[in-house]
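In what follows, a single structure is set out as structure tokens and then discussed.
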């Protein structure tokens, strides 16, 4: 396991200028990402894949569309080659996630009028892929996001008397429970400590406030699950997740974004003051 003592202690001083972050997810990609080991880059690539997902879907809709590939892992030409491979029935290139091909084939074989729900399918394919990362924390992070999204969607579907079984995406125990259970809590309350918190979040009418509460749940989960990670890839991965989260907060609510940003700065300062017994590990 690679130890990133110098990288973590040297993370940039973060500040807000004119309501904008002075350090962004884009900065991370160009400045911190190159310093990671090959294996750890693959873990971070899982985060950036969501930008490739968006671009792949855009190009499936219109191959001439302009896409921003600055945060993704692949160029527009590379993504177009995936689409061309499906159309020409050539062998998949193993440098791409297999689900790219699976989704592209599904999209191209679905009639136009039935494609409205395919973006959710893409999200499901993505989470299935990311949950196989090989890193327990990173896999658990993606599973948390899948579960939170699925549970909230299922609660909303039930509220409006929709077919709940058709709503969850991805494949795991929570998704299966949501598809099959008629219980008030889908049989999940005893296994998921945050289930009742999601019930309260689902009752929140204000959409911005709802997003804040979802992010706070995830923020606290990251805190709880990386308490003893000091200079590992998990700590750097969490820094990236929080950075993205704060970027969104700033756009939604400048005051709250500032608060979270100061919290992240304080935590980074605290984390370099590690107990002596951990310094040489």
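The values are calculated or read from the model by the stated rules, or taken from the named source; none is laboratory data. Every value quoted in this text rests on a predicted model; they were computed, and no experiment measured them. Cβ: placed from backbone, ideal geometry, glycine included. Neighbour counts: every protein chain shown.
Take the conditions (1) under 26 Å from residue 48 (Cα atoms); (2) at pLDDT 85 or above; (3) surrounded by 13 or more Cβ atoms within 10 Å (Cβ to Cβ); residue 271 misses just one of them, which is (2). Restricting attention to the range 194-234, the residues being more than 30 Å from residue 9 (Cα to Cα) and not in a helix (DSSP H, G or I) number 5. Taking the listed residues 102, 119, the one that is under 22 Å from residue 143 (Cα atoms), within 21 Å of the chain's Cα centre (by Cα) and surrounded by fewer than 17 Cβ atoms within 10 Å (Cβ to Cβ) is 119, with no other qualifying.
For residue 174, are the conditions met, namely being in the same structural domain as residue 145 (by TED's automatic domain parsing), under 22 Å from residue 127 (Cα atoms) and in a loop (DSSP other than H, G, I, E, B)? Here the answer is no, as residue 174 does not meet what is asked. Scanning the range 187-199 for residues that are farther than 15 Å from residue 147 by Cβ and either buried (at least 17 other Cβ atoms within 10 Å of the Cβ) or at pLDDT 95 or above (or both) turns up nothing. Filter the range 177-193 down to residues that are under 22 Å from residue 120 (Cβ atoms) and assigned to a loop (DSSP other than H, G, I, E, B), then give me how many there are. Counting residues in the range 177-193 that are under 22 Å from residue 120 (Cβ atoms) and assigned to a loop (DSSP other than H, G, I, E, B) gives 4. Restricted to the range 47-165, the set of helices (runs of 4 or more DSSP H) holding at least 1 residues that are within 30 Å of residue 179 (Cα to Cα) and without any contact (Cβ under 8 Å) to a residue 60 or more places away in the chain comprises 98-108, 118-130, 136-159. Here residue 230 meets each of (1) more than 30 Å from residue 39 (Cα to Cα); (2) at pLDDT below 95; (3) crowded, with 18+ Cβ neighbours inside 10 Å; (4) more than 21 Å from the chain's Cα centre (by Cα) with one exception, condition (1). So, residue 71, is that one under 30 Å from residue 24 (Cα atoms), surrounded by fewer than 19 Cβ atoms within 10 Å (Cβ to Cβ) and either in contact with a helix residue (DSSP H, G or I) (Cβ under 7 Å, 6 or more places away or on another chain) or assigned by TED's automatic domain parsing to the domain that holds residue 241 (or both) or not? Judged against the criteria, residue 71 is a match.
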